[in-house]
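All of the numbers you see were taken from the coordinates with simple rules; none came from a lab. Worth saying up front: this structure is predicted, and the values here are computed from it rather than measured. Every residue, glycine among them, receives a Cβ derived from its backbone with ideal geometry; neighbour counts consider all protein chains shown.
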Amino acid sequence: MRYVSTRGDQTQRQFCDILLEGLAPDGGLYLPVAYPQVDDATLSRWRALSYAELAFEVLSLYIDDIPADDLRALCAKTYTQEVFGTAAIVPLKPLAPGLMLEALSNGPTLAFKDMAMQLLGNLFEYELGRRGEELNIFGATSGDTGSAAEYAMRGKKGVRVFMTSPHGRMSPFQQAQMFSLQDSNIHNIAIEGVFDDCQDIVKAVSNDLVFKREHRIGTVNSINWARLLAQVVYYFAGYFQATQDNSQRVSFTVPSGNFGNVCAGHIARQMGLPIDRLVVATNENDVLDEFFKTGIYRVRGTLETWETSSPSMDISKASNFERFVFDLLDRDGAKVKALFSKELQTGQFDLSHDPRFELAANRYGFQSGRSTHQNRLDTIRAVFEQHGVMIDTHTADGVKVATEHLDAGVPMIVLETALPIKFASTIVEALGREPDRPAKFDGIEALPRKVKVMAADVEQVKAYIHAHTTG
């Protein structure tokens, strides 16, 4: 298996090379030269596997430069009941008939990002040990990626983490999870701006090839192919739990801001998993909903990026969206490069008149919807009163949009994104009570904090990284 850039660089690379690299040298994202196809017999064989075994089978289709026994051991080490709280790892929770949640938030930081990040930490440590190298991970988070990365990387040999986040825009619990870590290899940088400012800084540093190579910069954001690949696995696991045989189809609704989570579903569908529709659920920051309804991709500036009660989706520039556009435009790297260069210059591009835009729904199954703060409150309240299940604000966005896209006979699986404790104030507003808090997080908000507040300035951030990686 080899990988190429979405922006036209046809240099073919192996998995472990792009694992440590992040963005391609031309600024594009990596995708495999072709998606492996999974036939009916393979799906039937995979139905009986444990989650760790299923992860190995899926990953081994894309990774051929790690010995099979080593890859199997990495998956077995990652996906355990001790780490994720249940043997099923991602159990389904039925709500209404034909509507269910896939529980992805039972990991160490109570968010779906753990599903990939725990594997990524083990992959990094394995490959760096094999090469005798070190890596400085540089990332951006709107809430959950940061803590998931830091908990996965703390104590890992040869790895430092520099994580940017929008100053004051994460929930108090999310901030405490990250900033309370005192490990010497963890560095938190709070950027005075929004998530998109953080993401722009990460891309700018990644595109400075001299700095990137001198300081051995890698990434854990979902621009890293390995993280996206790990997320493909739980689409297969959810499908197997929701169906009896491979003749049945299911749909997924995915709360989405950066398009990484739902892009993994797109990849699973392209591999042959019988997915009917992939429904993108946004909050008030509805760039993706606007695209799937109109064909216009229009990013918002800082002043138009609203601060909402589902803050991990307060994103107006979906970095993983480029991977889908690459497939949508028949893998025309030159066209993709031109579009995203135009987006950088003008803030938007328009595919509404391109006949291939119709394929977004007809060939690739994409639909979308939008949710507001009041919708979230109403949904959290309804799900709790009717089903006795407490959901977080982002999952509520997903449930609200999912109910608008139900089809008789096609199960709808909503991907749960986090546990309610991470967004306690909105839960209290909706239900009049505090959400349950795992005992290990008691008092976390009162712990000492280690964080550097900084302007949204690339050179300042680079200087900070340089100071903490040299001498």
Of M153, M117, how do they rank once you tally other Cβ atoms within 10 Å and put the fewest first? M153, M117
Label point 7 Å beyond Cα of D332 along Cβ direction - residues of the range 6-21 with amide nitrogen under 16 Å: 6-9
Run down the lysines and flag those whose C-alpha is under 18 Å from the C-alpha of K440, throwing out any fewer than 8 positions away in its chain. K422
Nearest-0.05 FRET efficiency for V83 and K452, computed from C-beta distance (R0 30 Å): 0.50
What does a probe at Q12 reach in the range 62-76, counting residues whose amide N is under 17 Å from the point 7 Å along Cα→Cβ? 62-66
Output ³J(HN,Hα) for the range 399-414: one whole-Hz value per residue in order, computed from phi by the Karplus curve 6.51 cos²θ - 1.76 cosθ + 1.60 with θ = phi - 60°, and x for Gly and Pro. 5, 4, 5, 4, 5, 8, 10, 6, 10, 4, x, 10, x, 10, 9, 9
Would you mind calculating the gained length between A76 and R363 on full extension (0.36 nm times residue separation, minus the Cα-Cα distance), in nm to one decimal? 99.8 nm
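Across the chain, where is the longest run that never hits GluC sites (Glu not before Pro) in a DSSP loop with at most 16 other C-beta atoms within 10 Å?
Working: sites that count: E133, E134, E307, E404.
Of all site-free stretches, the longest is 135-306.
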Among all the lysines, which ones have a C-alpha under 18 Å from K400's C-alpha, if same-chain residues fewer than 8 places away are not counted? K93, K293
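Explain nothing, just the number: dipole magnitude of the range 331-437 about its Cα centre with +1 on each Lys and Arg Cβ and -1 on each Asp and Glu Cβ, in debye rounded to the nearest 20.
360 debye
Using a Förster distance of 35 angstrom, determine the FRET efficiency expected from the C-beta separation of S60 and H405, and round it to 0.05.
Efficiency, rounded to the nearest 0.05: 0.55.
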Grab the DSSP H runs of the chain that are 4 residues or longer, score each as -39,500 (n - 2.57), total them, divide by all residues and round the 222 nm result to the nearest 500 deg cm²/dmol. -12500 deg cm²/dmol
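Could you calculate the contour length gain from V389 to A96, that is, 0.36 nm times the residue separation minus the distance between their Cα atoms, to one decimal place in nm?
In short, 104.3 nm is gained.
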Report the antiparallel proportion of the DSSP beta bridges in the chain as a percent, rounded to a multiple of 5. 25 percent
HN-Hα J in Hz across the range 293-305 - Karplus 6.51, -1.76, 1.60, θ = phi - 60°, x for Gly and Pro: 8, 10, x, 9, 9, 10, 6, 10, x, 4, 6, 9, 9
Determine one quarter of the surface area of the Cα convex hull of the range 355-471, which equals its mean projected area, and express it in nm² to one decimal. 13.7 nm²
J(HN,Hα) series, the range 323-329, from Karplus relation 6.51 cos²θ - 1.76 cosθ + 1.60, nearest Hz, glycine and proline x: 5, 5, 4, 4, 5, 4, 9
Cα gyration tensor shape of the range 307-367, rounded if a/c is under 1.5, else prolate or oblate by comparing a/b with b/c: oblate
